[in-house]
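Working notes, structure below.
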Number of protein chains: 2
Amino acid sequence: MAAQIDNPGRNNPSEDEVLRQIEQAVLDHRLPPGTKLKEVQLANLFGVKRGLIRKVLTRLAHSRLVDQTPNRGARVAQPSVKEGQDLFATRRVIESAILETLIARVDDKTVRQLRKLLGSEQRAYQRGDSELALALSVDFHRQLAALAGNSVLEEYLNDIIRRTPLVILTHLGDDEQNRCRNQEHAAIIDAIEQRNVKNAIKIMNQHLMHIESKIRDKPKAPQADLETLLRPAAERAPA
Amino acid sequence: MAAQIDNPGRNNPSEDEVLRQIEQAVLDHRLPPGTKLKEVQLANLFGVKRGLIRKVLTRLAHSRLVDQTPNRGARVAQPSVKEGQDLFATRRVIESAILETLIARVDDKTVRQLRKLLGSEQRAYQRGDSELALALSVDFHRQLAALAGNSVLEEYLNDIIRRTPLVILTHLGDDEQNRCRNQEHAAIIDAIEQRNVKNAIKIMNQHLMHIESKIRDKPKAPQADLETLLRPAAERAPA
DNA sequence: TCATAAAATATTGTTAACAATTTTATTATC
DNA sequence: GATAATAAAATTGTTAACAATATTTTATGA
């Protein structure tokens, strides 16, 4: 776990700063779901007292990024398939509302801002800098929410953005196929520029569905019956 | 403040229980926005140690129900007008999505459940039991979310429900005019029964707009200029 | 009597110590 | 060598004491 947290022991970080760094480590896929978060270790890593870490873990648990079990400590959360599906479905609702709100108030400066961000994202992809590309693609969604100007929608979207990697990594793994498709960001900006709400929402939904549709219960391996289990090993079919 | 918290010193409540009781006091309009939440007092009231209260306050602050200022303690939050407007606008988005999801899966048993709840609510109104009526009208919305079956939407609606009284009490006061209109709950159930998504959403939006439209910046009193302020008192116009 | 400064009290923030529980390592037994 | 029991170590949970800060009360001077 130590390698996945920034080298933070330098300057006595605040509670908020520690919170942010752990969140960022989740977002960057550096802290996989299920990772045990030990208080003393974190306190040493960040150069803070254990009490501060306990506060941070409380907050992270309250946000569902972390599962806290009494006497067993904290782990990075592992959402169920159902929760993953619910999260993505809700994400479609929130992102659509953001687009609608944004388009009702958009101006040319806003569009230029978005295109500039898209440009950075595209260059990062071209350079093969996948860490930066990931960060910028996340920023794209954040920026839409910030520009829409509804602080509650923004808050919920940021919450969803923080939780999305947990779903993806838990159920699909860390594969570039499961990230934002960059060209869809461009198409969304085009639709925004054209003030075309319907089209923007349509593309956004496709954008999200390409990941969402893969989140489902995997077929369970057929359960061997008791008779099969009790047969001598030589007579069993290969597993 | 003591009178507004349940008599909780009896049985060593858990952290979650203390959290719930404070949330409920906000929801019941017993804890007005701006109320100072003193740690030692709360600890004595609930019969717990101060450390537990600090954890609860951290969680409440993280949920924006409470404002925590360093060295000055915690107060029940007082959302701005803008935040109130954003919250209601977001509520319309979330409630609409819940209705849509619910109607896609509704059966007769669900409709009966909702009608039963509505009946209790109507009887409370008729008896003039306004505390119970308030609680049941809140439960109506909660129930819609629970029955829709998307846990993330449910979570966000519950968050919104907890924060809504803060907006109303801060900006409109504790007036029965600013509560749910009971007949609109009935009309929403009718639309659900008819699987009429469009109509259900329309009524829900009207339901929320009757409060939302009152949340706005009040015109500021004209600011007296310096000349007026420096005139002898006898020559000043009445305030 | 009013305004200001000083003192006292209350409240919030932090900490290390200790208790309780869980996990890991070691030892004993078959 | 495998398993169970025991011991040791690690981790989480709780607490009271103390530090730091804010608020309230009291004293003093004009």
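The values are calculated or read from the model by the stated rules, or taken from the named source; none is laboratory data. Bear in mind that the values here come from a model prediction, so they are computed numbers and not experimental data. Glycine also receives a Cβ, built like all others from the backbone with ideal geometry; neighbour counts cover every protein chain displayed. The accessibility values were calculated without ligands, DNA or RNA, using every heavy atom of the protein model including side chains. Shrake-Rupley method; radii C 1.70, N 1.55, O 1.52, S 1.80 Å.
Filter the stretch A:149-182 for residues that are more than 13 Å from every other protein chain (Cβ to nearest Cβ), open to solvent by 40 Å² or more (accessible area, probe 1.4 Å), within 26 Å of A:R123 (Cα to Cα) and assigned to a helix (DSSP H, G or I) and give the result.
Listed by number, the residues that qualify are A:E176, A:Q177.
Here is a yes/no grid of residues against (1) under 19 Å from B:D174 (Cβ atoms); (2) not assigned by TED's automatic domain parsing to the domain that holds B:D16:
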site	(1), (2)
B:L52	no, no
B:R72	no, no
B:S96	no, yes
B:E100	no, yes
B:K109	no, yes
B:L118	no, yes
B:R127	no, yes
B:L136	yes, yes
B:R142	no, yes
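Report yes if some residue within the stretch B:16-26 is at pLDDT below 95, more than 30 Å from B:E176 (Cβ to Cβ) and open to solvent by less than 40 Å² (accessible area, probe 1.4 Å); otherwise report no.
Checked against the condition, which is being at pLDDT below 95, more than 30 Å from B:E176 (Cβ to Cβ) and open to solvent by less than 40 Å² (accessible area, probe 1.4 Å), the stretch B:16-26 yields no hits at all.
Only one of A:V93, A:V56 is β-branched (V, I, T), away from DNA strand C (no atom under 16 Å from the Cβ) and within 14 Å of chain B (Cβ to nearest Cβ). Can you tell me which?
Numbers: A:V56 fails: away from DNA strand C (no atom under 16 Å from the Cβ).
Residue meeting the stated conditions: A:V93.
Would you list the helices (runs of 4 or more DSSP H) that sit entirely within the stretch B:4-92 and hold 3 or more residues that are touching an Asp or Glu at 6+ places or on another chain (Cβ under 7 Å)?
Values: elements: B:15-27, B:39-46, B:50-62.
Qualifying helices (runs of 4 or more DSSP H): B:50-62.
Mind counting the residues in the stretch B:28-74 that are away from DNA strand D (no atom under 14 Å from the Cβ) and open to solvent by 30 Å² or more (accessible area, probe 1.4 Å)?
Matching residues across the stretch B:28-74 total 7.
Residues of the stretch B:94-140 being open to solvent by 40 Å² or more (accessible area, probe 1.4 Å), free of Cβ contacts under 8 Å to residues at least 24 places away in the same chain and within 17 Å of the chain's Cα centre (by Cα), which ones?
B:L132, B:D139
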